[in-house]
Amino acid sequence: MLIRTGYDLRFECDVPVPMLALLNVRPERQSDLRTPEMLKTDPPIPVHQYIDHFGNVCSRFVVPEGGVTLSADFVIEDSGEPDPVAEDAAQVPIEDLPDDVMQFLLNSRYCEVSKLIDQAWNVAKDHPPGWARVQALVTAAHERIEFDYMKASTEHSAASVFDQRFGVCRDFAHLAITLCRAANIPARYCTGYLGDLGIEPVDYPMDFSAWFEAYLGGKWYTFDARHNTPRIGRIVMARGRDATDAALTTQFGAATLAKFHVHTDEVADTDLSRPPEETALPQSAR
């Protein structure tokens, strides 16, 4: 399947503000691009890109006085297959984990593992190690939190969300990651595009999405505590320990987000001469 996706973001500021952005798809998905993926700026400004130690494509630039609009519009090919399910995937003993995986067992900014150990093991103890245990922890996070788009906050952590019981997709991911790490299962945060493909449209503005991956049987597997079901058309942009490492934008000064628009739709062709809303297939054609 072909997915047309992208964004239109506007930041405004009174003085120049340095910014870091993780708005490109991950390098391993760039071979699937069917049209160029370009970070466009209005007004034009210099942009420097590099790969960070998590393998994310990072863009550095300075938002000029007055502000800047960041945008992209591209088509990417996807298998159209749902997230893999591997019920026989085994939990890897800590002593056998690769060195680079160990960091995904530890406390991080939004994932306070030490605060939720008892809560994690209250669930984990009733399920065998491996896929079944991860799925039980994901379900526990899914059932613990009520999705509320209007209550999004960068101050929410896994522990506070566990207590307050509401949040958005990043909060679901942080809680599930923390529960997994507390049960000695490596888990890492992911963010990217996830359109309403293969499901009934939801009554929320299209946004970037957050999910996580658990390390089982020597591989990373996708889990989604917000939806708690395999989905299609997932396009990863960044990975890290939590949303700190995979923040879509990080500003080093005062800049106000004045416009935010994301589009993610299945398309029949790669004709970019029409606006995104005109190329999207109707639900009945998907």
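Just so it is clear, none of the values below were taken in a lab; they were calculated from the coordinates. Everything numeric in this text was worked out from a predicted model, so none of it was measured.
Of note:
- Tensor-based shape of the chain (alpha-carbon gyration tensor, a/c under 1.5 rounded, otherwise prolate or oblate): prolate
- Considering helices alone, the calculated mean residue ellipticity of the chain at 222 nm is -4500 deg cm²/dmol, with DSSP H runs of length four and up weighted by -39500 (n - 2.57) and normalised per residue.
- The spacing between segment 115-173 and segment 19-68, judged by their C-alpha centroids, is 31 Å.
- Near the amide H of THR249, within less than 5 Å, lie the amide hydrogens of LEU22, all on another chain or at least 5 residues away, with H placed in the peptide plane.
- Taking all Cα pairs closer than 8 Å and separated by 6 or more residues, the relative contact order of the chain comes to 28 percent.
- Taking 0.36 nm per residue of sequence separation and removing the Cα-Cα distance, the ASP88/LYS125 pair yields an extension gain of 11.5 nm.
- With 26 Å as the limit on Cα-Cα distance, the pairs of LYS151/LYS219; LYS151/LYS259; LYS40/LYS259; LYS125/LYS219 that go past it are LYS151/LYS219.
- For segment 232-237, 3J(HN,Hα) per residue [Karplus equation, 6.51 cos²θ - 1.76 cosθ + 1.60, θ = phi - 60°, Hz, x = Gly/Pro]: 10, x, 7, 10, 7, 10
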